[in-house]
Amino acid sequence: MTDTATTLSDRPVRIHTDVAAKARLKARYASEWRFKWLGAGAVALAGFFLLLLLSTIVTQALPAFRANYLTLPVDLSAAKVDPANVLAADYNVIVQDALSGKFPDATDRQARRLLRGLVSTGSGVLLRKEIQADPSMLGRTVDIDVPLDDFADLYLKGLLAKRGGSQSLSGVTVSAVTGDVDVAFPDDKVLRLARAAGATEAENGALRLTGSAESFLLQVGGGTIKLTELAPGTAGATTAKGTVYEAIDSAAGPMPAELRTIGTPEANRKITDREIVWLDDLKAQGAVESRWNSLFFFTGASREPELAGIWGAVVGSFLTMIVTLSISFPIGVAAAIYLEEFAPKNRLTGIIEVNINNLAAVPSIVFGLLGLAVFLNAFGLPRSAPVVGGMVLALMTLPIIIIASRASLRAVPPSIREAALGIGASRVQTVFHHVLPLAMPGIMTGTILGMAHALGETAPLLMIGMVAFIVDIPGGFTEPATILPVQIFMWADFPEVGFQQKTSAAILILLGFLIVMNAIAVILRKRFERRW
């Protein structure tokens, strides 16, 4: 600032240099500085919440992309499978017999039921499909890989039960090798650990490890014992009662042992201690392998989380989008060309333009109600079919395409039209040979964005029955199908923990499709954009 002096009644006045002016200038700069940092803070806060959302989805989705498989030696001899009638065999029983061979001590009814629950109920179907694809497997014992049940899979991923620490012990004696046994410890170390783990104290001073306390698993003599009660013994020793889950090789003499704790109480998890012992044993044997979850990508819907896939929804989305694009693009572009280039500017066209703009803001479920009333009830089209879903989404997308196409046509300079008309071209030739090619990048951009919007819609499709549980992969436009947003909606409503991961993984895939479609729109705009 420069000092400027003027004369008013012979008194010098300094502009922008007195104390009040400097204070006002300082306040203005401070206000600008605050506004700038408030804007930057708003952007940073929005970015933080976006990052938090994406990180939450990714964290929950990653476990769904891998699955644990169990390798079992299955007997496919003629006594089990008749080569002349492969479909008649009970493959679930064959898989269960192979699993029972891993744990011959599981003889009581409850143990057998828990053991069968370690593998997926669809293992028999998968085995049958493998045999149909490769009949040379028949007549011998072969190793096959079957998916584990969802709870067993989640445990091995560390998501179902918190694993506690382990303690090395010595001088442990056991009264028997099977059934309910008595265990003796030379000191009170285990007793102190049980008291800290929330064991319930009985009247006689004993500590009971109920389902609300941490689980104590004692590995001794080649077997595993679940401790159920502890009591102080003589000379600082500890006595305990327990149940043998894995048979002990020998109970002779004091032995070294290892005490494992499961931090999550058995009453608060969907997997029992006995199942945990079996799974850890299978993993130690190398019979469990974590691999890429191909079932998730190449199978249809299922009530079992470990068997549920998104391929049926992907195919249904593809078929639905084909119908949507085939209807909305030509009709939308033709309507935009007529309204922008040929329609007279009168009250009728004004009403049409206002209604088109209003339709773009109508809630999507209204289009679903229209499809239910017209396409299903009036025309009798098949429920939950891609052809009906595509028609409903086309109605919803039409206003967006018309508005975007009209804006692109309007952006072409009038000089292009005047030049074409000046050399003798008709209005139709002017529009289709000169104006439309120049407006096509903007039209394509608007169309892709409209299709991306349609791909993420759920409400209108729920009204026409696309929420139905569809197991088979749709093979045509009139077969029952579902789409990705509806599949996500259905999985999110299921109570099983495994479906929560599948929901997040499906959301990631849907976001991937939307990002690709928006990226294509940006590339088209940048590649063919012209500045007039």
Starting at the first residue of region 492-501, write each ³J(HN,Hα) from the Karplus equation 6.51 cos²θ - 1.76 cosθ + 1.60 with θ = phi - 60°, in whole Hz, x for Gly and Pro. 5, 8, 7, x, 5, 5, x, 6, 5, 5
Using only the alpha carbons, work out the radius of gyration and Dmax of region 452-532 in angstrom. 16.4, 58
If all Cα-Cα distances of the chain are sorted into 10 Å bins from 0 onward, what percent lands in each bin, rounded to whole numbers? 3, 13, 16, 15, 14, 12, 10, 7, 5, 3, 1, 0, 0
With the cut-off at 19 Å, report for region 162-275 the share of all Cα pairs above it, as a whole percent. 39 percent
By how many degrees, between 0 and 90 and to the nearest 10, does the Cα long axis of helix 273-285 differ from the longest principal axis of the chain? 90 degrees
Give the Debye-formula value of log10 I(q)/I(0) at each listed q (0.16, 0.22, 0.23, 0.31 Å⁻¹), with one equal scatterer per alpha carbon of region 350-393, two decimals each. -0.49, -0.74, -0.78, -1.02
Evaluate the Debye formula for region 288-441 with equal point scatterers sitting on the alpha carbons, no solvent, and hand back log10 of I(q)/I(0) at q = 0.10, 0.18, 0.20 Å⁻¹, in q order, two decimals. -0.55, -1.09, -1.20
Any idea what diffusion coefficient region 397-457 gets from Stokes-Einstein, in µm²/s, Kirkwood Rh on alpha carbon pairs, 10 °C, 1.306 mPa s? 129 µm²/s
In nm, to one decimal, how far is the LEU51 label point from the PHE494 one, both placed 7 Å along Cα→Cβ? 3.4 nm
What is the ratio of the Cα radius of gyration of region 225-310 to 2.2 N^0.38 Å, with N the residue count, to two decimals? 1.63
If I model a spin label at ARG113 and ARG192 as a point 7 Å from the Cα along the Cα→Cβ vector, what separation in nanometres do I get? 4.1 nm
Helix 347-359 versus the longest principal axis of the chain: what is the Cα-based angle in degrees, 0 to 90, to the nearest 10? 20 degrees
For region 284-347: Kirkwood Rh in Å [reciprocal of mean 1/r, alpha carbons]: 16.1 Å
Convert each backbone phi in region 220-230 into a coupling constant with the Karplus relation 6.51 cos²θ - 1.76 cosθ + 1.60 (shift: θ = phi - 60°), then list the ³J(HN,Hα) values in order as whole Hz, x for Gly and Pro. 8, x, x, x, 9, 10, 8, 7, 10, 8, 10
Can you tell me the Rg and the Dmax, both Å, for the Cα atoms in region 216-361? 33.9, 106
On Cα atoms only, tilt of 91-102 relative to the major axis of the chain in degrees: 50 degrees
Report the semi-axes of the equivalent ellipsoid for region 355-473 in whole Å, largest first, where each axis is √(5λ) for an eigenvalue λ of the Cα gyration tensor. 38, 13, 13
Given contacts defined as C-alpha pairs under 8 Å and at least six residues apart, what's the relative contact order of the chain, whole-number percent? 14 percent
Report the accessible area of TRP278, computed with a 1.4 Å probe over the heavy atoms of all protein chains in place, in Å² rounded to the nearest 10. 10 Å²
With Rg and the Kirkwood Rh both taken from Cα atoms, where does Rg over Rh land for region 140-218? 1.10
Can you sort TRP311, TRP37 by solvent-accessible area, 1.4 Å probe, largest first? TRP37, TRP311
Averaged per residue, what accessible area in Å² does the chain show with a 1.4 Å probe, protein chains only? 52 Å²
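Roughly to the nearest percent, how much of the accessible area of the chain is carbon and sulfur, given a 1.4 Å probe?
In the chain, the share of accessible area belonging to carbon and sulfur is 61 percent.
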Hey, could you pull the Cα Rg and Dmax for region 65-186, both in Å? 18.8, 63
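The values are calculated or read from the model by the stated rules, or taken from the named source; none is laboratory data. Here the structure is a predicted model, which is why all the values come from computation and not from measurement. Every residue, glycine as well, gets a Cβ built from its backbone with ideal geometry; the counts of neighbours run over all protein chains shown. When the accessible area is computed, the model is the full protein with side chains, heavy atoms only, and any ligands, DNA or RNA have been set aside. Shrake-Rupley method; radii C 1.70, N 1.55, O 1.52, S 1.80 Å.
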